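First comes the structure, then the notes that go with it.
The values are calculated or read from the model by the stated rules, or taken from the named source; none is laboratory data. In this text, all values refer to a predicted model and were calculated from it rather than measured experimentally. We place every Cβ from the backbone using ideal geometry, glycine too, and count neighbours over all the protein chains shown.
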């Protein structure tokens, strides 16, 4: 069953027009749909509010504990206050499987594989990062500023590569995997299919890293392999390729991890 719906009354003072796609679907199905009248509410009814500080985050809970200690200790020195606040922030917390989100992007999963403790710390107790004008290179690469000259150089390098003339069977192929308790969405840059063989390719604007980093990064290609085998059960073999445009290097893998290996690692590291 496919359920189609649309929001009638959003944050504006007037109802939204029906989506033309929804109207087309109704017409194609030969249905007569009665659109209800919006509720008679006021502007105040449509304003969403939330308490502050937001109580659901561990950072706020720690700050509230620190604030309570400060209020109860008005005569202590500033140094003692700072030391106590640091002890509260550094206090080890019990982390359960429920603490990790059950939905992780493919690149987030690779980041977890690369640095399990660092990823858990950033995920459970995120530290805001300053905004940066950077190229979209994915979570598994370092974000760096980019200028027009760099963009032109990368474009020229890609245009001179073998991938500029190859015709892909899938481009920007979206998928979502279920691996244990985790849902892993992602997008494959390109898929080339020849007979019963498929090659999944991921473009990287960075330069080719060392072997140790590549060994972790190939998990991204492994996830792409799982997705292809679900969509194309007739495929017998899936290989993975990284094209590092920054250094014009092509790295291919034939020994990608099996799904059971990835699920086992996730289970083993889920509890930290």
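A few comments on the model shown:
- In segment 200-224, the residue that is surrounded by the fewest Cβ atoms within 10 Å (Cβ to Cβ) out of those that are in contact (Cβ under 8 Å) with a residue 60 or more places away in the chain and closer than 22 Å to residue 259 by Cα is 213.
- Scanning segment 1-14 for residues that are within 12 Å of residue 35 (Cα to Cα) and at pLDDT 75 or above yields a count of 4.
- The single condition among (1) part of a loop (DSSP other than H, G, I, E, B); (2) out of contact with any helix residue (DSSP H, G or I) (no Cβ under 9 Å at 6 or more places or on another chain); (3) closer than 25 Å to residue 101 by Cβ that residue 183 does not meet is (1).
- Unmet criterion (only one of (1) out of contact with any helix residue (DSSP H, G or I) (no Cβ under 6 Å at 6 or more places or on another chain); (2) surrounded by fewer than 20 Cβ atoms within 10 Å (Cβ to Cβ); (3) within 29 Å of residue 156 (Cα to Cα)) for residue 253: (1)
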